[in-house]
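**Student:** After the structure tokens below, expect a handful of questions from me.
The values are calculated or read from the model by the stated rules, or taken from the named source; none is laboratory data. Every value quoted in this text rests on a predicted model; they were computed, and no experiment measured them. For neighbour counting, all protein chains shown are included, and Cβ atoms are generated from backbone atoms with ideal geometry for every residue, glycine included.
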Amino acid sequence: MTYHSNMNHICSFCKLECKKEPLDDYADYQDLPWYACDVCNVSYKKKLNIVEVTRFYAKLNDRRYCLNLIHKSQRTQIFRMACNTDEPPYTLILSLPYMVPNINPTNCQDKIITYITFS
Ligand SMILES: [Zn+2]
């Protein structure tokens, strides 16, 4: 029997298995891979079996943004993502001292744009 529990991640929303992605330059979590759900367009970073970050995406004026729910410290960060290699991969737009409530793959576009627009 092969032990897989630390290698895969099941999406919280659709319950399908996520795809493991390469390491990136994200903040304090550079040593953890992302687990991406292509169905929901949500990504997760986890340490052992604990989800440290849940990430949602949005687009505005041809730019991509992401919202990270940081579970351990109960915070939210919104970043603008680089569109070319001349830019830093993530530019912090907004930091909130709480987790944005009730965000999901269906409403994340609207929620993220609202936070960006009214911050
Ligand atoms: Zn999913």
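**Student:** Check 90, 35, 65, 29 and return the single one that is more than 16 Å from the ligand (Cβ to nearest atom), more than 22 Å from residue 116 (Cα to Cα) and crowded, with 17+ Cβ neighbours inside 10 Å. Step through it out loud before you land on a result.
**Tutor:** Values: 90 fails: more than 22 Å from residue 116 (Cα to Cα); 35 fails: more than 16 Å from the ligand (Cβ to nearest atom); 65 fails: more than 22 Å from residue 116 (Cα to Cα).
Of 90, 35, 65, 29, the one residue that is more than 16 Å from the ligand (Cβ to nearest atom), more than 22 Å from residue 116 (Cα to Cα) and crowded, with 17+ Cβ neighbours inside 10 Å is 29.
**Student:** Is it the case, given these coordinates, that residue 65 is assigned to a loop (DSSP other than H, G, I, E, B) and farther than 25 Å from residue 8 by Cβ? Let's see the steps before the verdict.
**Tutor:** Details: assigned to a loop (DSSP other than H, G, I, E, B): no; farther than 25 Å from residue 8 by Cβ: yes.
Criteria not met by residue 65.
**Student:** Filter region 69-104 for residues that are among the basic types (Lys, Arg) and in contact (Cβ under 8 Å) with a residue 24 or more places away in the chain and give the result.
**Tutor:** First pass over region 69-104, keeping only residues among the basic types (Lys, Arg): 72, 75, 80.
Of everything in region 69-104, just one residue is among the basic types (Lys, Arg) and in contact (Cβ under 8 Å) with a residue 24 or more places away in the chain, namely 75.
**Student:** Which residue pairs have Cβ atoms closer than 6 Å, lie 6 or more positions apart in sequence or on different chains, and pair a first residue in region 1-20 that is under 14 Å from residue 45 (Cβ atoms) and more than 10 Å from the ligand (Cβ to nearest atom) with a second residue that is modelled with pLDDT under 95 and assigned to a loop (DSSP other than H, G, I, E, B)?
**Tutor:** Between residues of region 1-20 that are under 14 Å from residue 45 (Cβ atoms) and more than 10 Å from the ligand (Cβ to nearest atom) and residues that are modelled with pLDDT under 95 and assigned to a loop (DSSP other than H, G, I, E, B), the close pairs are 20/33.
**Student:** Go through region 42-62 and report how many residues are of a type outside the set (Asp, Glu), farther than 15 Å from residue 9 by Cβ and either out of contact with any helix residue (DSSP H, G or I) (no Cβ under 8 Å at 6 or more places or on another chain) or within 15 Å of the ligand (Cβ to nearest atom) (or both).
**Tutor:** The number of residues fulfilling the criteria is 3.
**Student:** I need the full set of residues from region 50-62 which are closer than 19 Å to residue 98 by Cα and buried (at least 19 other Cβ atoms within 10 Å of the Cβ), in order please.
**Tutor:** Residues satisfying the conditions are 53, 54, 55, 56.
**Student:** Within the group 47, 72, which residue is loosely packed, with under 13 Cβ neighbours inside 10 Å and either touching a strand residue (DSSP E or B) at 6+ places or on another chain (Cβ under 6 Å) or among the basic types (Lys, Arg) (or both)?
**Tutor:** On the way: 47 fails: loosely packed, with under 13 Cβ neighbours inside 10 Å.
Just a single option satisfies the conditions, and that option is 72.
**Student:** Tally time: how many residues in region 57-102 are within 12 Å of the chain's Cα centre (by Cα) and either among the aliphatic types (A, V, I, L, M) or farther than 23 Å from residue 25 by Cα (or both)?
**Tutor:** Qualifying residue count, region 57-102: 6.
**Student:** For the structure I just gave you, tell me whether residue 39 is β-branched (Val, Ile, Thr) and in a strand (DSSP E or B). So that I can check it myself, show each step before the final result.
**Tutor:** Values: β-branched (Val, Ile, Thr): yes; in a strand (DSSP E or B): no.
Taking the combined requirement at face value, the residue does not satisfy it.
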